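*Asks:* Can you keep this structure in mind? I'll have questions shortly.
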Amino acid sequence: MNDFTSGFWGIFIAAVTLLGIAWCLWLLVSQRKWLKITKEGDVGDTGHVWDGDLRELNNPVPRWWTIMYILMCVFGLGYLFLFPGLGSYSGVLGYTTEQELEQRSQAYAESVRPTYAKFDGISVEQLAKNPEAQQIGQRLFLNYCAQCHGSDARGSASFPNLVDGDSLYPRTPEAITETISKGRNGIMPSFNGVIDGATATDIAQYVRSLSGLAHNQLAAIRGKRAFDTNCVACHGVDGKGNKMLGAPNLTDGVWLYGSSERRIVEAIMNGLNNRMPAQEAILSPEQIRMLTAWVWGLTHRDGAAVVSTAQ
Ligand code: HEC
Ligand code: HEC
């Protein structure tokens with residue numbers, strides 16, 4: 001496939017390229033009388049004199065240089081004949097960078113296949129206990145996930161912590177595989193225009209009370225009423241969240257954005273839109289399985305679920 005939308009530009013560029021080389025050759029030929037001259041001073045000097053006795057001569061370029069010059073032009077023409085370079089002409093070898101990339105990634109996939117082949121048919125739960133599989137999983141995580149989730153997988157503001165046992169989505173092998181392959185998009189609508197600033201502050205006080213943080217009791221009572229109207233659809237009547245919607249548990253003391261009144265009011269007024277990009281185009285199914293096992297293993301030491309640790 002070529003990048004030219006109109007046939008004209010392909011031809012134009014090819015013509016300019018060929019004319020460029022022809023011009024280089026013409027330049028050499030037009031100076032050909034130099035070729036026959038070998039002795040210094042044969043063409044005389046230019047008459048330019050510096051510092052009294054420094055004369056500028058008009059000597060020919062050396063023969064080796066002339067030969068190299070011609071060879072370069074021949075090389076250029078040969079290259080343009082074999083490889084793409086003349087507008088939309090694709091070269092007799094039919095080379096494309098796309099094809100080269102594909103061949104290389106196929107060769108790479110082939111070369112790593114034996115590494116993954118020995119884990120075929122082993123369950124994610126078993127892989128999570130296999131030291132070699134865990135090592136591969138960790139290396140993949142450091143390459144593909146650590147820039148967002150942190151090299152210790154403990155995340156940071158808006159990037160979920162994957163080791164604390166609390167999670168937005170179910171922490172099952174299937175859900176983790178889906179997260180990695182298809183990505184996730186956690187969306188909380190903005191309540192701007194629905195809830196006024198004072199009510200948002202009351203709700204924030206109520207939300208803080210859910211995890212036992214310092215709060216204004218009167219405001220929290222008012223806040224609960226507004227919470228019951230606006231928030232329970234996603235966060236649940238008890239505020240414990242809904243893993244199908246990716247709505248976090250607001251009672252466990254684990255915060256993705258922060259527990260301050262300001263942060264909670266911001267979430268209510270501005271809404272949230274948090275995206276994890278899909279990785280299925282980047283990672284092979286085998287790699288995704290290794291990562292699933294590694295991530296699952298973070299919260300399922302020895303196969304048992306780690307209890308959520310409030311912090
Ligand atoms: C560009 C940043 C980014 C990269 C790279 C990234 N993630 Fe994520 N990940 C996120 C965000 C943001 C979320 C939260 C999505 C949401 O709020 O719905 C998330 C969510 C998750 C979750 C769900 C967490 C929960 O609490 O349920 C898992 C599991 C996960 N990522 C694993 C991975 C793995 C494994 C990789 C590497 C293949 C990876 N992520 C790469 C940003 C990223
Ligand atoms: C349509 C569903 C939905 C509704 C309604 C909703 N939320 Fe959310 N909320 C979410 C989702 C999804 C997230 C997680 C966003 C993310 O993945 O980053 C979230 C996150 C939050 C957070 C951040 C938690 C943390 O760990 O930092 C707070 C606080 C919050 N919501 C409070 C509220 C309050 C208060 C209301 C009512 C005014 C409300 N939500 C209504 C879906 C909803």
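The values are calculated or read from the model by the stated rules, or taken from the named source; none is laboratory data. In this text, all values refer to a predicted model and were calculated from it rather than measured experimentally. All Cβ positions, glycine included, derive from the backbone under ideal geometry; neighbour counts span all protein chains shown.
*Asks:* Considering only residues of region 250-265 that are among the β-branched types (Val, Ile, Thr) and within 31 Å of the chain's Cα centre (by Cα), which is modelled with the highest pLDDT?
*Replies:* Looking only at region 250-265, we keep the residues that are among the β-branched types (Val, Ile, Thr), and these are 251, 254, 264-265.
Retained after the next criterion (residues that are within 31 Å of the chain's Cα centre (by Cα)): 254, 264.
Numbers: 254: 92, 264: 97.
Among those that are among the β-branched types (Val, Ile, Thr) and within 31 Å of the chain's Cα centre (by Cα), it is 264.
*Asks:* Would you check which residues across region 103-118 are among the polar types (S, T, N, Q) and surrounded by 10 or more Cβ atoms within 10 Å (Cβ to Cβ) and list them?
*Replies:* Passing the criteria: 103, 105, 106, 115.
*Asks:* For region 243-277: of the residues being more than 12 Å from ligand 1 (Cβ to nearest atom) and of a type in the set (S, T, N, Q), which is nearest to residue 212 (Cα to Cα)?
*Replies:* 251
*Asks:* For the subset of region 172-205 comprising residues that are in a helix (DSSP H, G or I) and near ligand 2 (Cβ under 8 Å from one of its atoms), which member is surrounded by the most Cβ atoms within 10 Å (Cβ to Cβ)? Can you show your working first?
*Replies:* Filtering region 172-205 down to residues in a helix (DSSP H, G or I) leaves 173-182, 197-205.
Now restrict to residues that are near ligand 2 (Cβ under 8 Å from one of its atoms): 200, 203-204.
Numbers: 200: 23, 203: 28, 204: 26.
Top of the filtered list is 203.
*Asks:* Here is a follow-up. Given the conditions (1) more than 8 Å from ligand 2 (Cβ to nearest atom); (2) among the aliphatic types (A, V, I, L, M); (3) in a helix (DSSP H, G or I), which single one is not true for residue 163?
*Replies:* Result: residue 163 passes all but (3).
*Asks:* Out of everything in region 283-306 that is more than 16 Å from residue 136 (Cβ to Cβ) and at pLDDT below 90, what residue ends up being nearest to ligand 2 (Cβ to nearest atom)?
*Replies:* Keep residues of region 283-306 that are more than 16 Å from residue 136 (Cβ to Cβ), which gives 299-306.
From what's left, at pLDDT below 90: 300-306.
On the way: 300: 22, 301: 24, 302: 28, 303: 28, 304: 25, 305: 20, 306: 19 Å.
Ranking the qualifying residues of region 283-306, first place goes to 306.
*Asks:* Restricting to region 206-222, name every residue that is of a type in the set (Gly, Ala, Ser) and either away from ligand 2 (no atom under 14 Å from the Cβ) or part of a loop (DSSP other than H, G, I, E, B) (or both).
*Replies:* Just the residues of region 206-222 that are of a type in the set (Gly, Ala, Ser), to begin with: 209, 211-212, 214, 219-220.
Listed by number, the residues that qualify are 211, 212, 214.
*Asks:* Scan (1) touching a helix residue (DSSP H, G or I) at 6+ places or on another chain (Cβ under 6 Å); (2) farther than 21 Å from residue 178 by Cα; (3) in contact (Cβ under 8 Å) with a residue 60 or more places away in the chain for the single condition residue 223 breaks and write down its number.
*Replies:* (3)
*Asks:* Follow-up question, since we're still on this one. Looking only at helices (runs of 4 or more DSSP H) that lie completely in region 53-148, which have at least 1 residues being modelled with pLDDT of 90 or more, within 22 Å of the chain's Cα centre (by Cα) and not assigned by TED's automatic domain parsing to the domain that holds residue 177?
*Replies:* Working: elements: 63-82, 97-117, 124-127, 131-144.
Fully inside region 53-148 and qualifying: 97-117.
*Asks:* Only one of these conditions is not met by residue 254: (1) more than 8 Å from ligand 2 (Cβ to nearest atom); (2) among the hydrophobic types (A, V, I, L, M, F, W, C); (3) in contact with an Asp or Glu (Cβ under 8 Å, 6 or more places away or on another chain). Which number is it?
*Replies:* Condition not satisfied by residue 254: (1).
*Asks:* Another one. Going by what's in this entry, would residue 276 be described as of a type in the set (A, V, I, L, M, F, W, C), closer than 30 Å to residue 116 by Cα, within 11 Å of ligand 2 (Cβ to nearest atom) and within 26 Å of the chain's Cα centre (by Cα)?
*Replies:* Details: of a type in the set (A, V, I, L, M, F, W, C): yes; closer than 30 Å to residue 116 by Cα: yes; within 11 Å of ligand 2 (Cβ to nearest atom): yes; within 26 Å of the chain's Cα centre (by Cα): yes.
When the stated conditions are applied, residue 276 passes them.
Let's see how each residue does on (1) surrounded by 14 or more Cβ atoms within 10 Å (Cβ to Cβ); (2) more than 19 Å from residue 155 (Cβ to Cβ):
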site	(1), (2)
227	yes, yes
257	yes, no
262	no, yes
274	yes, no
290	yes, yes
297	yes, no
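*Asks:* A further question follows. For region 115-141, name all the residues that are in contact (Cβ under 8 Å) with a residue 24 or more places away in the chain and aliphatic (A, V, I, L, M).
*Replies:* Passing the criteria: 124, 127, 128, 133, 136, 140.
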